[in-house]
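The block underneath contains the structure these notes are about, expressed in structure tokens.
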Amino acid sequence: MDSKEYHEYYQNHFSKLEELLELLKNKQYSVVLWGAGLKGQAFLEICDSENIYVQSVIDRDSRKQGKVLSSGHVVRQISDVNSNMVVLVANEKYYASVCFSLFDHGYDVKKIKLLCLDWFVADRFTLEDVRSGKIWERKRYYD
């Protein structure tokens, strides 16, 4: 997909994603997005253009770290993640890689609150799963 297709994808699912972001905000979670690539940037531009839901972006690419994206979000390094954050994974094809990157940096991945945005859009979990905390129950490091 290119940038335009990602923008269309998030525009088509904006209402649903906004409900998720509102829920996370109302639960007073600190939210970060994993991925400063085209898909992550499109998500921020469409779903958090006013910088009210996502505090920062995590990316492994050291060239992106410290930069401010066009959406106004700052790109940070993995070591800025803490167990009180909700980490939104922008691209499902990198979900397992995100888990292993966190593990490699000494995090107990079973205790990190990870949400894959694509899985939410595809109804693999619901707002009620997030509301109840069921979504945080992991049996493996990458599920």
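Things to note:
- Each DSSP beta bridge with both residues in the chain is either parallel or antiparallel, and the antiparallel ones are about 5%.
- Compactness ratio for segment 57-100: Cα radius of gyration over 2.2 N^0.38 Å (N = residue count) comes to 1.17.
- Over the chain, dividing the summed -39,500 (n - 2.57) contributions of all DSSP H runs of at least 4 residues by the number of residues returns a 222 nm mean residue ellipticity of -10500 deg cm²/dmol.
- Kirkwood analysis of the Cα pair distances in segment 75-143 returns a hydrodynamic radius of 12.4 Å.
- Segment 28-143: C-alpha pair distances exceeding 21 Å, %: 32
- Given Lys67/Lys134; Lys4/Lys134; Lys4/Lys110; Lys64/Lys134; Lys4/Lys111; Lys16/Lys93, the pairs whose alpha carbons are separated by over 30 Å: Lys67/Lys134; Lys4/Lys134; Lys4/Lys110; Lys64/Lys134; Lys4/Lys111
- For segment 70-91 versus segment 1-33, the inter-centroid distance based on Cα atoms is 14 Å.
- Relative contact order (%) - the chain, alpha-carbon pairs under 8 angstrom, separation at least six: 22
- Nitroxide proxy distance, nm - points 7 Å out along Cα→Cβ at Glu137 and Glu8: 3.9
Where a number appears in this text, it was derived from the coordinates with a stated rule and is not lab data. In this text the structure is predicted, and so the values were computed from the model without any measurement. For neighbour counting, all protein chains shown are included, and Cβ atoms are generated from backbone atoms with ideal geometry for every residue, glycine included.
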